[in-house]
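The values are calculated or read from the model by the stated rules, or taken from the named source; none is laboratory data. From a predicted model like this one, the values you see are computed outputs, not experimental measurements. In this analysis, Cβ positions are derived from the backbone assuming ideal geometry, glycine residues included, and neighbour counts consider all displayed protein chains.
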Amino acid sequence: MPPKDPYKVPNKMQAKVDDINALTDEICEQKLNAEYAELVRRATAALARKRPSPLAQGWAKTWACAVVYAVGQVNFLFDKTQTPHMRGDELATAFGISKSTASSKAKVVRAALKMDYFNSEWMLPGRIDSSPMIWIISVNGLMVDARHMPREDQEIAYEKGLIPYIPGER
């Protein structure tokens, strides 16, 4: 269950989170968008609340890049057909670290926060409606698109946390 305030962080992690947020806000403003900035801030706060927090060790610029990289991966940032678009090496260079470091730390972020293409928590809000990945659920062993199910079944899927909201109610 997510916290009531998704941006709340432990006091001992606040300075590190502030440093990371300053870096990510700048890159998101220059090269991405406000949706990315908000999602990256939520992800950074979630990492700070982990026990032990991976953010406790290492440089702020490394973790800043890793969080943006991880959020970008699950939102197809590196796909040139998407807007915004940015290559992984360009993102790493913007933060002043190597692409291999960015990629390996992003893997840590994705694992810690259970980020994947099927998790709407880490999807850009503007992409949820059009993403088939988060709407596909298994019903009696068959994969179905929850958006095309009867309303009663959608309500059950929502209550079980299988879909982010009931289609048509947003």
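Any idea which residue in segment 116-141 is surrounded by the most Cβ atoms within 10 Å (Cβ to Cβ), counting only those that are among the β-branched types (Val, Ile, Thr) and modelled with pLDDT under 80? It comes out as ILE134.
Quick check on ALA111: is it within 28 Å of SER53 (Cα to Cα), in contact with a Lys or Arg (Cβ under 6 Å, 6 or more places away or on another chain) and not acidic (Asp, Glu)? Quick ask: steps written out before the conclusion?
On the way: within 28 Å of SER53 (Cα to Cα): yes; in contact with a Lys or Arg (Cβ under 6 Å, 6 or more places away or on another chain): no; not acidic (Asp, Glu): yes.
When the stated conditions are applied, ALA111 does not pass them.
Against the definition (closer than 19 Å to SER98 by Cβ, out of contact with any strand residue (DSSP E or B) (no Cβ under 7 Å at 6 or more places or on another chain), in a helix (DSSP H, G or I) and of a type outside the set (Ser, Thr, Tyr)), how does LYS61 come out, yes or no? Against the criterion (closer than 19 Å to SER98 by Cβ, out of contact with any strand residue (DSSP E or B) (no Cβ under 7 Å at 6 or more places or on another chain), in a helix (DSSP H, G or I) and of a type outside the set (Ser, Thr, Tyr)), LYS61 qualifies. Can you confirm whether VAL144 is among the β-branched types (Val, Ile, Thr), at pLDDT 90 or above and either surrounded by 12 or more Cβ atoms within 10 Å (Cβ to Cβ) or within 30 Å of GLY58 (Cα to Cα) (or both)? No; evaluated as a whole, the condition is false for this residue.
Exactly one residue among ILE166, ILE156 is part of a loop (DSSP other than H, G, I, E, B), modelled with pLDDT of 85 or more and not hydroxyl-bearing (Ser, Thr, Tyr), and that residue is ILE166.
In segment 1-30, the residues that are without any contact (Cβ under 8 Å) to a residue 40 or more places away in the chain and over 20 Å from GLY58 (Cβ atoms) form Cβ pairs under 7 Å with partners that are assigned to a helix (DSSP H, G or I) and not hydroxyl-bearing (Ser, Thr, Tyr), at six or more places apart or across chains, as follows: TYR7/ARG41; TYR7/ARG42; TYR7/ALA45; GLU29/ALA37.
GLN82 meets the conditions (1) over 15 Å from LYS105 (Cβ atoms); (2) buried (at least 19 other Cβ atoms within 10 Å of the Cβ) in every case but one. The failed one is (2). Within segment 99-115, being loosely packed, with under 14 Cβ neighbours inside 10 Å and outside any helix (DSSP H, G or I) holds for one residue alone: LYS114. Specify the residue that is modelled with the lowest pLDDT; the eligible residues are those in segment 7-49 that are farther than 21 Å from GLN73 by Cα and either outside any helix (DSSP H, G or I) or of a type in the set (S, T, N, Q) (or both). Result: TYR7.
Pairing each residue of segment 68-91 that is more than 24 Å from ALA45 (Cα to Cα) with any residue that is among the hydrophobic types (A, V, I, L, M, F, W, C) and surrounded by fewer than 20 Cβ atoms within 10 Å (Cβ to Cβ), provided the two are 6+ apart or on different chains, yields C-beta distances under 6 Å for GLN82/PHE76.
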